[in-house]
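Working notes, beginning with the structure itself.
The values are calculated or read from the model by the stated rules, or taken from the named source; none is laboratory data. Owing to the predicted nature of the structure, the values given are computational and were not obtained by experimental measurement. Note that each Cβ is placed from the backbone with ideal geometry, even for glycine, and that neighbours are counted across all protein chains shown. Note: areas computed on protein heavy atoms with side chains; ligands, DNA, RNA excluded. Shrake-Rupley method; radii C 1.70, N 1.55, O 1.52, S 1.80 Å.
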Amino acid sequence: MNIGIILESGGRVCYVVQLMNPEVDAPTLTAAAPAVADRPSAPAGFRWTRQRREVYGLLIKERDHPTAAELFLRAKAHIPGISLGTVYHCLEALTQAGLIKKVNIERNPSRYCPNLSEHAHLIDERSGTVVDIELRPGIDLHGIFRLPAGARISRADICLKGSLPPAAPVP
């Protein structure tokens, strides 16, 4: 018998208790990994499978807007039997649940972003590095663009191209 109990405090996972056989074994108490602790609440019906936790944890850890293929290579180090198809399914489920964003840049492979706040992306044309760019507080996109009369912006996916300084820290 294998029972796992998650202890939460203030909406954040603090410890994971694992009981292999509760009648024989003493429980083990381990601090939750940061990827688990930072995991947001999922909508009803969404299940945090081992693979989804791993893929989400990798996105949170690096925050470098990887492609599915890049995530697959990283995930194989932790789950050797994971397939590229499973990584794609995990990313689709996380995107559909609103837990991550899919970033499409021209005809390149999709990239994935765990930052759910309103922000833009800057793509370094030399290296291909993608970084999050925060929008200044109070900026109203309706005042920046000349929209047709009566048009309203409901959402914006803004990708800027340019160059980062050679030793620019990734925010």
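Quick look at the numbers
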{"quantity": "Residue that is open to solvent by 60 Å² or more (accessible area, probe 1.4 Å), modelled with pLDDT of 90 or more, farther than 25 Å from L160 by Cβ and of a type outside the set (K, R), where the choices are A44, A97, A77", "calculated": "A77"}
{"quantity": "Residue satisfying all of: in segment 84-99; β-branched (V, I, T) and under 16 Å from E70 (Cα atoms); nearest to the chain's Cα centre (by Cα) among these", "calculated": "V87"}
{"quantity": "Residues within segment 100-109 that are farther than 14 Å from P40 by Cβ and crowded, with 16+ Cβ neighbours inside 10 Å, tallied", "calculated": "2"}
{"quantity": "Qualifying residue in segment 145-156 (condition: free of Cβ contacts under 8 Å to residues at least 60 places away in the same chain and surrounded by 13 or more Cβ atoms within 10 Å (Cβ to Cβ))", "calculated": "no"}
{"quantity": "Matching residues, segment 131-144, being in contact with an Asp or Glu (Cβ under 9 Å, 6 or more places away or on another chain) and either open to solvent by less than 60 Å² (accessible area, probe 1.4 Å) or of a type outside the set (A, V, I, L, M, F, W, C) (or both)", "calculated": "V131, E134"}
{"quantity": "Segment 98-141, subset in a loop (DSSP other than H, G, I, E, B) and of a type in the set (A, V, I, L, M, F, W, C), residue nearest to F72 (Cα to Cα)", "calculated": "I100"}
{"quantity": "Matching entry among G128, G162 (being open to solvent by less than 60 Å² (accessible area, probe 1.4 Å), over 26 Å from P40 (Cα atoms), touching a Leu at 6+ places or on another chain (Cβ under 8 Å) and of a type in the set (G, A, S))", "calculated": "G162"}
{"quantity": "Members of segment 45-97 found to be part of a helix (DSSP H, G or I), without any contact (Cβ under 8 Å) to a residue 24 or more places away in the chain and of a type in the set (K, R), listed by number", "calculated": "R53, R74, K76"}
